[in-house]
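Contents: one structure, followed by commentary.
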Amino acid sequence: MTDLPLDTQPFRKARRRGLNRLRLLREVLVQARRLWLSGVYGMDIAPTSQISMSARLDRTFPIGVHIGAQSYVALQSMVLTHDRTRGLYVHTWIGRNCFIGARSMILPGVRIGDGSIVAAGAVVTKDVPPDCIVAGNPAKVVRQGISAGPFGRLPDADLREHELAAAGLT
């Protein structure tokens, strides 16, 4: 790199391999899906949010789905807004700058606070406060006071990726 201080150097990114080479196509498909879910089903999904193609959003009560700006819903995660056994049809909220991990489940009526991260496989049964990480079944707060950026990315994530790319491990 250069002799500039580390905080002013451009970060090296991981090499794009496999399906990541088709990133632009994926982005077009994800935005088309978001427009479909918002326009046809009436879900409240921010234009800057990202939803995996395999994520499941409840279409039984679609107006109850609310996803904030720059939030990411990862693969095979599920956001529910109804429970037929209890006759519930309620709103489920995901705040801004959140990350919903792979195969996690957000139950009806839950509110995920801004800047929070839901770990992979977590089952969220109660509201999640802002700026924290939850994990487990049922999900419990494992870390508070985090500072998540867009899409729930931690502040040191770029530096870690840079170090791995510089070492040739990506």
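Here are some notes:
- Close Cβ contacts (under 9 Å, 6 or more residues apart or on different chains) running from residues in segment 17-30 that are at pLDDT 75 or above to residues that are assigned to a helix (DSSP H, G or I) and surrounded by 10 or more Cβ atoms within 10 Å (Cβ to Cβ) comprise ARG26/ASN20.
- Pick from segment 37-58, criterion within 11 Å of VAL73 (Cβ to Cβ), in a strand (DSSP E or B) and without any contact (Cβ under 8 Å) to a residue 24 or more places away in the chain, ranking: most open to solvent (accessible area, probe 1.4 Å): ARG56
- Flag if VAL118 is touching a strand residue (DSSP E or B) at 6+ places or on another chain (Cβ under 9 Å), among the hydrophobic types (A, V, I, L, M, F, W, C) and farther than 16 Å from VAL65 by Cα: yes
- Applying the criterion of being hydrophobic (A, V, I, L, M, F, W, C) and under 17 Å from the mean Cα position of the chain (by Cα) to the residues of segment 30-50, the residue that is farthest from ILE67 (Cα to Cα) is VAL30.
- Where strands (runs of 3 or more DSSP E) fall wholly inside segment 70-170, the ranges with 1 or more residues that are among the β-branched types (Val, Ile, Thr) and crowded, with 16+ Cβ neighbours inside 10 Å are 92-94, 132-135.
The values are calculated or read from the model by the stated rules, or taken from the named source; none is laboratory data. These figures come from a predicted structure and were not determined experimentally. Counting neighbours? That spans all protein chains shown, and the Cβs are built from the backbone with ideal geometry, glycine included. Calculation scope for accessible area: heavy atoms of the full protein, side chains included, ligands and nucleic acids excluded. Shrake-Rupley method; radii C 1.70, N 1.55, O 1.52, S 1.80 Å.
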